[in-house]
Structure formats: C-alpha cells, structure tokens
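In what follows, a structure is listed as structure tokens, so that the remarks can point back to it.
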Amino acid sequence: MSYQETIKFIREKFATNEFIPLHAPVFSGNEKKYVLDTLDSTFVSSVGAYVDQAEQVMAQISQTQKAVAVVNGTSGLQIALQLAGVQRGDEVITQALTFVATANAIHYTGAEPIFIDVDLDTMGLSPKAVEEFLQEFGEKRENGTYNKKTGKRIAACVPMHTFGFPVHLEALLRVCEEWNIPIVEDAAESLGSYYKGKHTGSFGKLGVFSFNGNKIVTCGGGGMIVTQDEELGQLGKHLTTTAKVPHPYEYVHDQVGYNFRMPNLNAALICAQLEQLEMFLANKRALATEYATFFEGQGMKFRKELEHTKANYWLMCLELENSKERNAFLKLSNENKVMTRPIWQLMYRLSMYQHCYRDAQKNAEYLEERIVNIPSSVRG
C-alpha cells in the first residue's frame, strides 16, 4: 500500500480536505451551559459545586473510592508519588518510552527515575523486565526494597498506559507486591481503558488521569488523582489545597502544601465532557475498527487492544517497518496536512535524564524507530 493511499483513506474518514489534527477536542454537550452557570455563581476558582461533582463522577468511572481534582496530570502524579511515600533521594521504577511528564513528576519529588524496558505488545512497562532488574539489584529490607548498587530505596513503580493500552497489570502487581514496592499508575492517557474488567488507575496504590486539551475529555488542563484508600485521598485533597486547615476566618496551614487545585471553571467543563465519555469512546472504537480493516495485511501494522483488555484508542498508531519508512510517512503525511507524530524520544536521550540507570531497552528502541500516531479525533 502506498502512503498516498493511506493519506487519502484518512481524509475520507474525516471527510475533509482541510488540515486534520491528531486529536481535537469536541464540545457538543453542556459545556457552555455549565461554564456560564459557573460565571453566574461567581465561584470560578477553587471552591464550587462542579469540583465536587467532577470528583464524584471520576471516582465512579474509575471504580475507586476517592478522586481528587488537580490543575493538571503532572501535578497529580507528583502528589500521588508523595502520597505513596516517595521521598528525596529515593528511586522510582518507570519506563523510558513515555511522555516527559512521567519522568518530570518523579524528579519534582527529589527522586530519580530508573528506566526499565517496555513490552512490545502493550508499549508499556514490562513486568518481566522489572522482575529481572529487581532480582539483580534489589535487596529487601524491613522498610522496603533498596538498590544494592546505589544504596537508595526503590520507593515506587510507575507504569504508563501508553496511548490508552493497559500494561500487563496482573503480572506487574505480582512482582511489585513480592518486592513491597507500591504502584502509582500514570493513567493520563487511559481514561476509558480496562484490564480484565477493571478500569486503569484502580489497580495501584494511586492512579492519575489527565484532562489536557488533546485527551479524550478535556477542560483545557486539569487532572485527577484516584485511589481505593479514602484516607489517603483525603490527604491528597489537603495537600493540593495548600494544606489549609478549615477555619471560619483564620489562615491556618499545618504543613507544606501545594496550590494544585482545579478551578471550578475548569471543573464545569470537565463535568460536561464526562457526560459524553461513553459516546466519545464508542465513536473512537468505530474509527479504530475502520483503521484496522483498512490496514489488515498491508505492511503497516495497526495497533489493536490485547485480549482481556479494552483500550480507549486515545491516540491510534501504526507500526512501520523501520525508521526510514517511519520518517518517509511522517514527512509525506504532514506535508499533506494530515497530522502524524512519532512516538516520544526515549527519556534517557534527554540531557536531564542521560545519567539515569537504564536496562538494555531493546523493545523501547524498536518501538521508538517504528511507531507513528495517526489522526484519532472523535468524528462529527
């Protein structure tokens, strides 16, 4: 199949000769109504009914006990790591094949990422690679697992559900439980994704979602921390609201907190978006089915969900034969105003993370050279 035929097919699917973005937001519900209601109420900042409503709805969707609205997914991940017990000088296992926010959030806590390889089928953190690393470098002590080589505590494990495809959670949970390492799920891309009937973000000690402008649902920015531990969630709410102790008029703060609150204005928008989530997901699954049929046996592999999982198909992707073919497709599609993007540059290629430990990264480097995202928006 020629790349021109692929570009033509994508244009037909989106029924336009104009520029086709990678993932555009859709505001077709109560967005204006709820935002205007917020303006009329004058509660546009951190206190308001829509913040409470957004948290309640996200707890229901994610099948968790407590949800905490935050200003964006990155700040949510930073706080989730802190709630999981990560401290300055610790180490955190994660993947190098991820958006930079994953590594940055670890860095914000004063910890350092350990980059472990991904699985080819999920494009997410490999339980087998994590286990191999821990068997070689891990040392169990009374207060946790330590890295024998560095002497530092391995305080958490952060898998990222790449493009909404769940990692092998059951196996990863088993490994991390054996080594007494809490999991914090970077579920930023996986709202609406399930592993064996349970929503991503609900498996670890905490999970974090993003509502950035390019996500399935958006409020411009925004994010949500979720957990099955209601007490831990309450602490997360306290920390993200400047650790202010309730008082009729005094300003009392009992620890160093963060101004990571989601404004009520943004919460109104996300409430309207969440009302349409199932429709958005169904729309995207229909597009994924059409893509899968088109690319079947054509030399470009369309990435599909695995057995026992339900992916949200946030950003749909193709696997090309090699980096040369990848680059040729990227160049031609973008020249023809069909937005495509390569998968992220591996974190240890970035100057600020070059010094961090990494394993062989065979699978991550294979995917880095071949994976391309194609237009994945909800269609009208």
Compute, for the chain, the length of the dipole vector about the Cα centre, with Cβ point charges of +1 (Lys, Arg) and -1 (Asp, Glu) only. Units Debye, rounded to 20.
600
Beta bridges per DSSP with both ends in the chain, % antiparallel, nearest 5
65
Report the full-extension gain for the segment Lys149 to Met352: residue separation times 0.36 nm, less the Cα-Cα distance, to one decimal in nm.
71.0 nm
Reachable lysines, given that their alpha-carbon falls under 19 Å from the alpha-carbon of Lys331 and they are not under 8 places away in the same chain
Lys8, Lys301
With unit charges on the beta carbon (Lys/Arg positive, Asp/Glu negative), name the residue among Ala129, Phe203, Gly236 whose Cα is farthest towards the positive pole of the charge dipole of the chain.
Ala129
With contacts defined as alpha carbon pairs under 8 Å and 6 or more residues apart, what's the relative contact order of the stretch 173-287 in percent?
18
Here the gain from full extension of Glu178 to Ser2, 0.36 nm per residue of separation minus their alpha-carbon distance, amounts to 58.5 nm
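Please label the shape of the chain as rounded, prolate or oblate, based on the square roots a ≥ b ≥ c of the eigenvalues of the alpha-carbon gyration tensor (a/c under 1.5 means rounded; beyond that, a/b larger than b/c means prolate, else oblate).
Values: a/c = 2.00, a/b = 1.12, b/c = 1.78.
Oblate shape, in that a/c is at least 1.5 and b/c is the bigger or equal ratio.
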Whats the longest run of the chain with zero GluC sites (Glu not before Pro) that are DSSP loop and have at most 10 other Cβ atoms within 10 Å?
19-141
Which one, Asn283, Thr309, Phe165, is farthest towards the positive end of the dipole of the chain when Lys and Arg carry +1 and Asp and Glu -1 on their Cβ?
Asn283
Work out Dmax and Rg for the stretch 54-108 from the C-alpha atoms and quote the Rg first, both in angstrom.
12.8, 36
Whats the longest run of the chain with zero chymotrypsin sites (Phe, Trp or Tyr not before Pro) that are DSSP loop and have at most 15 other Cβ atoms within 10 Å?
28-248
Run the simple label-point estimate for Glu278 and Val100 please: 7 Å along Cα→C-beta, distance reported in nm.
3.9
I want to check the label-to-label distance for Glu290 and Asp40. Put each point 7 Å from Cα in the C-beta direction and report it in nm to one decimal.
3.8
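Taking the Cβ of Ala129 as the centre, find all other residues whose Cβ is under 10 Å away and add up their charges (Lys, Arg: +1; Asp, Glu: -1).
Overall, the nearby charge balance is -3.
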About its Cα centre, what dipole magnitude does the stretch 1-83 give when the only charges are +1 on Lys and Arg Cβ and -1 on Asp and Glu Cβ, stated in debye to the nearest 20?
200
If I take every Cα pair under 8 Å that is 6 or more residues apart in the chain, average their sequence separation and divide by the length, what percent do I get for the relative contact order?
25
Using the Cα centre of the stretch 233-357 as the reference point, and only Cβ charges (+1 on K/R, -1 on D/E), how large is the resulting charge dipole? Debye, rounded to the nearest 20.
300
Residue-normalised accessible area of the stretch 24-83, given per residue in Å² at a 1.4 Å probe:
48
Just grab the label-to-label distance for Glu170 and Val256, each label 7 Å out from Cα along the Cβ direction, in nm (one decimal).
4.2
Can you give the net charge of the other residues whose Cβ lies under 12 Å from the Cβ of Met58, counting K and R as +1 and D and E as -1?
-1
Computed over the stretch 59-179: relative contact order in percent, which uses C-alpha pairs under 8 Å that are six or more apart
26
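Mean residue ellipticity at 222 nm from the helices of the chain, using -39,500 (n - 2.57) per DSSP H segment of n ≥ 4 over the full residue count, to the nearest 500 deg cm²/dmol?
-11000 deg cm²/dmol
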Using a Förster distance of 51 Å, how high is the FRET efficiency between Lys33 and Asn334, based on the Cβ-Cβ distance and rounded to 0.05?
0.85
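The values are calculated or read from the model by the stated rules, or taken from the named source; none is laboratory data. Nothing here was measured: the structure is a model prediction, and the numbers come from that model. Ideal geometry is used to build each Cβ from the backbone, glycine not excepted, and the neighbour counts take in all protein chains shown. For accessibility, only protein heavy atoms count, side chains too; no ligands or nucleic acids. Shrake-Rupley method; radii C 1.70, N 1.55, O 1.52, S 1.80 Å.
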